[in-house]
Amino acid sequence: MTQVLDWLSANTLIISSFAAASITLLAVTVLATPWVVARLPSDYLLRRLDGPKIQGFGRKLLNLLRGFIGLLIVLLGLIMMITPGPGVVMVLLGISVAEFPGKNRLLVYLATRPSVLASLNWMRRRHDKPPFINPNAH
């Protein structure tokens, strides 16, 4: 135990930096997530996200970049599930950004869980947007 306390006291700058980054990230996600959710069309969950694939090096590079950014957002969302922050919504956002087979089915499955859909639609109501159309209700 004394080793841990010694390490903590010797690395207060690192710990303070991580705490500041965590607080900043929390503030940004709390402000940005409702804005992003409100900008999506109400039929977003109905749309077929797996459209025709365009081939080429540039497209593959873009998909790789989207996958990396999506993975990063998903990891941040998983961290936010155990720390303060909108973890589930961030995971959904990360999945939306990434490009992989079966993305649409996974996104719709997660987003249409009753509590998640209620949270998403609450964010949309606060921005005077209509609720998402639930594809499972049709």
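The values are calculated or read from the model by the stated rules, or taken from the named source; none is laboratory data. On a predicted model such as this, the values are computed, not experimentally measured, just so you know. Quick reminder, even Gly has a Cβ in these numbers, built from the backbone with ideal geometry, and neighbours come from all protein chains shown. Keep in mind that these areas ignore ligands, DNA and RNA; they rest on the heavy atoms of the full protein, side chains included. Shrake-Rupley method; radii C 1.70, N 1.55, O 1.52, S 1.80 Å.
Odds and ends about this structure:
- A simple spin-label model places the labels of Arg39 and Leu13 3.7 nm from each other, with each point 7 Å out along Cα-to-Cβ.
- Span-rule helices in the chain, defined as complete DSSP H runs reaching 30 Å or more along the axis (Cα) with Kyte mean at least 0.0: 12-39, 57-82
- Between Thr83 and Leu46, the modelled labels are 3.9 nm apart [label points 7 Å from Cα along Cα→Cβ].
- For Pro41, net neighbour charge (Lys/Arg +1, Asp/Glu -1) across residues whose Cβ lies under 12 Å away: +3
- Stretchable slack from Leu75 to Arg126, in nm (0.36 nm times residue separation minus alpha-carbon distance): 15.7 nm
- Computed over the chain, the Cα gyration tensor eigenvalues convert (square root of 5λ each) into semi-axes of 33, 21, 13 Å, ordered from largest to smallest.
- Arg113-Leu64 pseudo-label distance in nm [points 7 Å out on the Cα-to-Cβ vector]: 3.3 nm
- Stretch gain in nm, segment Lys103-Leu26, where the contour uses 0.36 nm per residue and the Cα spacing is subtracted: 25.1 nm
- Surface share of carbon and sulfur [accessible, 1.4 angstrom probe, percent] for the range 21-112: 75 percent
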